[in-house]
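Reviewing the structure listed below.
Coordinate-derived values only; no laboratory data. Since the structure is predicted, the reported quantities are computational estimates derived from the model, not experimental observations. Neighbour counts run over all protein chains shown; Cβ positions are idealised from the backbone, glycine included.
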Amino acid sequence: MRLFIAVNLPPDEKDRLYRAAAPLRAAGFPVRWVEPDAIHITLKFLGEVGEERVTGIRDAIRRVAAEADRFGIGLGGFGAFPDVTRPRVVWAGIAHSAELQHVQARVDVEMERLGFPRDSRPFHPHLTLGRAPGDARAADFRGFAERIAGLEYGGSLDVHSLDLMQSLLSPRGARYERVLAAELGEGKAA
């Protein structure tokens, strides 16, 4: 199973974001755009995982979720990694959230205990909207910076669960299925 841990957006927020990015998709840049139902915040990519490890992963996610309170985060703005002159990943932004940073760090610690290496790069939460192929050239993105700067989107997200997701690969692209939704704060006394 190809797995990752994520925070998902409600369908209406995914649709709002997808509509806000429509002018960028229509501009014809060489980007494989993510469908709205696949938009999420990745907390930890686990990769290929044997069935025998899934129970431990589920239990660890439940522990992290039980210790955390629900929280809100702001969404807004657009950008690209590594930059807008030759993007590899086109994204929508997430406002700084100490709660999200803490939850991601706890996920990383719990997964390390299960044998998954800690992420070597700092956590930069974002919503991936599309990916450019490796052979795309800077010239293919003339006008991209101006187009992306002209987009507007702002929203918010109530984070209430951590989700274990399975990535199912096909010739049409990846499709994601939720394997587990661990509600935040379930282990706290009322």
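Just a few scattered comments:
- Sum of -39500 (n - 2.57) over DSSP H runs of 4+, divided by residues of the chain (222 nm, nearest 500): -8000 deg cm²/dmol
- Per-residue extension of 0.36 nm, minus the Cα-Cα distance of residue 169 and residue 1, leaves a gain of 59.4 nm for this segment.
- Label zone of residue 102 (point 7 Å out along Cα→Cβ, amide N under 18 Å): in region 50-84 this covers 61-74.
- Average silhouette area of region 13-93, convex hull of alpha-carbon atoms, in square nanometres: 7.5
- Gyration tensor verdict on region 91-132 (Cα atoms; rounded if a/c is under 1.5, prolate if a/b is larger than b/c, oblate otherwise): oblate
- Highest average packing first - 34-42, 110-118, Cβ atoms within 10 Å: 34-42, 110-118
- Peptide packing: for 127-137, 2-12, 168-178, the average count of neighbouring Cβ atoms within 10 Å per residue gives the ranking 2-12, 127-137, 168-178, highest mean first.
- With the convex hull drawn over the C-alpha atoms of the chain, the volume per residue is 123 Å³.
- Against the chain, whose longest principal axis is taken from its Cα atoms, helix 54-67 shows a tilt of about 90°.
- Axis of helix 11-20 versus longest Cα principal axis of the chain: the two differ by about 20°, to the nearest ten degrees.
- Distance (nanometres) between label positions extended 7 Å along Cα→Cβ at residue 124 and residue 52: 3.8
- Relative to the Cα centre, the charge distribution of the chain, modelled as +1 at Lys and Arg Cβ and -1 at Asp and Glu Cβ, gives a dipole magnitude of about 560 debye.
- Two-site label geometry, residue 95 and residue 113: point separation in nm, points 7 Å out along Cα→Cβ: 3.2
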